[in-house]
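Below you'll find the structure, written out as structure tokens, and then a few comments.
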Amino acid sequence: MIEEFSKLPGIGPKSAQRLAYHLLQAPAEKADNLAKAIMGLKQSLNFCSFCCNITDTVPCVICRDNERDHSKICVVEEPADILPLERTKKYHGLYHVLHGAIAPSDGIGPEELKIKELILRLNDGSITEVILATNPNTEGEATALYLQTLIDPLHIHITRLARGLPYGADLEYADDITLSRALEGRQDM
Ligand SMILES: [Zn+2]
């Protein structure tokens, strides 16, 4: 059990041990519920046929929602990226999950990502804006640039999340790249 736990992201050997002992001492029902949840994970979850997000219903709740703006697509790397964007309550369009970013050093090319699926969605003419919300790192930038070359000929407005200083950051400790991008992305006041 400890061995299996420590294979999970963010769980070191110590945390794995703590989790295993916690379950050992917990009521049987608790361990049972966890086991059932893990077993059900792979059986009931699918990819949404539109946005490729992980979902238990197809289309997913977001693609199905008619209250949302179906003319905008926000492209993210992972399903987990949707939640923080939703929490801002500033975005009411749709999403597209790539399931990764272009990383030649790890053998991940465009074919490994859900890019074909994205272009297919953009070809139906109802999308007016694509927001590229890939991560602000080398892989995320490479992916955004690659997508731009594919989307440009479709004459769809492309935007990229503004890159700047994280809220609460101290200018003195900001790294050069972050600070220069914050300068580049400056807005009128
Ligand atoms: Zn969906």
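Data for the structure
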read-out: Cα centroid separation, the range 145-166 to the range 1-32 (Å); value: 42 Å
read-out: Extent along principal axes [Cα atoms of the chain; Å; largest to smallest]; value: 58, 46, 36
read-out: 14 Å tail of the calculated P(r), the range 1-72, as % of Cα pairs; value: 71 percent
read-out: The chain - percent relative contact order, Cα under 8 Å, separation 6 or more; value: 14 percent
read-out: Under 12 Å, Cβ to Cβ, from Leu24 - net charge with Lys/Arg +1 and Asp/Glu -1; value: +2
read-out: The range 60-148: translational diffusion in µm²/s, Stokes-Einstein, Kirkwood Rh over Cα pairs, 37 °C, 0.692 mPa s; value: 243 µm²/s
read-out: Violating pairs (Cα-Cα greater than 32 angstrom) within the set Lys30/Lys116; Lys14/Lys90; Lys36/Lys90; Lys14/Lys36; value: Lys30/Lys116; Lys14/Lys90; Lys36/Lys90
read-out: With eigenvalues of the C-alpha gyration tensor scaled by 5 and rooted, the range 97-189, Å; value: 28, 18, 9
read-out: Under the span-like rule (Cα at least 15 Å along the axis, Kyte-Doolittle mean at least 0.0), DSSP H helices of the chain; value: 138-151
read-out: Formal net charge of residues neighbouring Ala37 (Cβ-Cβ distance under 13 Å; K, R +1; D, E -1); value: 0
read-out: Computed [θ] at 222 nm, deg cm²/dmol, the chain (DSSP H ≥ 4; -39,500 (n - 2.57); rounded to nearest 500); value: -11500 deg cm²/dmol
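We did not get these values from a lab; they are worked out from the coordinates using the rules stated. These numbers come from a predicted model, not from an experiment. Every residue, glycine among them, receives a Cβ derived from its backbone with ideal geometry; neighbour counts consider all protein chains shown.
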